[in-house]
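Q: For reference, the structure I am asking about is given below.
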Amino acid sequence: MAEMIARMWHGVTKAADADAYGEFLQRRAVPDYRSVAGNEGVWVLRRDDGERTHFITLTFWESRAAIEKFAGKDIERAKYYEEDKQFLLEFEPNVVHYEVAE
């Protein structure tokens, strides 16, 4: 199997902001991911948890070099958008990468 890497980012909003944040992700973040050569797919996961809502963006990349085109030289650092300041309760500094085994 050719190298493929999954990149997972996690963010948390107030439950009251979750729908608006989800719309922002679809309008701004998802197209940004998809615009980068080497992106193999984007999924947005959502879990409501009382007063908070968790989001995970799960993206797949053909290589670390492709991730670098999206995220910059330090691919372990999370990439944030200016609009995130309106919604997110915290800013986790790093993402998690997994090699896709199957």
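Rule-based calculations on the coordinates, nothing more; no lab input. Please read these numbers as outputs of a predicted model, since none were measured by experiment. Methodologically, a virtual Cβ is constructed for each residue, glycine included, from the backbone with ideal geometry; neighbour enumeration extends over all protein chains shown.
Q: What lysines could a cross-link reach from Lys14, if we take a straight Cα to Cα line under 28 Å and drop same-chain neighbours fewer than 8 places away?
A: Qualifying lysines at Cα under 28 Å: Lys79, Lys85.
Q: Right, something else. Run the dipole for the chain about the Cα centre, Lys and Arg Cβ at +1, Asp and Glu Cβ at -1, nothing else charged, and hand back the magnitude in debye, nearest 20.
A: Approximately 200 debye in magnitude.
Q: Hey, of [x] 1.00; [y] 1.21; [z] 0.97, which did the structure itself give for Rg/Rh (Cα atoms, Kirkwood Rh) when calculated?
A: Given [x] 1.00; [y] 1.21; [z] 0.97, the structure-derived one carries the label [z].
Q: Would you please give the FRET efficiency between Glu99 and Ala16, computed as 1/(1 + (r/R0)^6) with r the Cβ-Cβ distance and R0 = 41 Å, to the nearest 0.05?
A: Taking R0 as 41 Å, the efficiency between Glu99 and Ala16 is 0.65.
Q: Per-residue HN-Hα couplings for region 19-32, Karplus 6.51 cos²θ - 1.76 cosθ + 1.60 at θ = phi - 60°, whole Hz, x for Gly and Pro?
A: 3J(HN,Hα) across region 19-32, in whole Hz: 5, 5, 5, x, 5, 4, 4, 5, 7, 10, 6, 4, x, 5.
Q: How many nm separate the modelled label positions at Val44 and Gln26, each set 7 Å beyond the Cα in the direction of the Cβ?
A: Each label point is offset 7 Å from its Cα along the Cβ direction, giving 0.7 nm.
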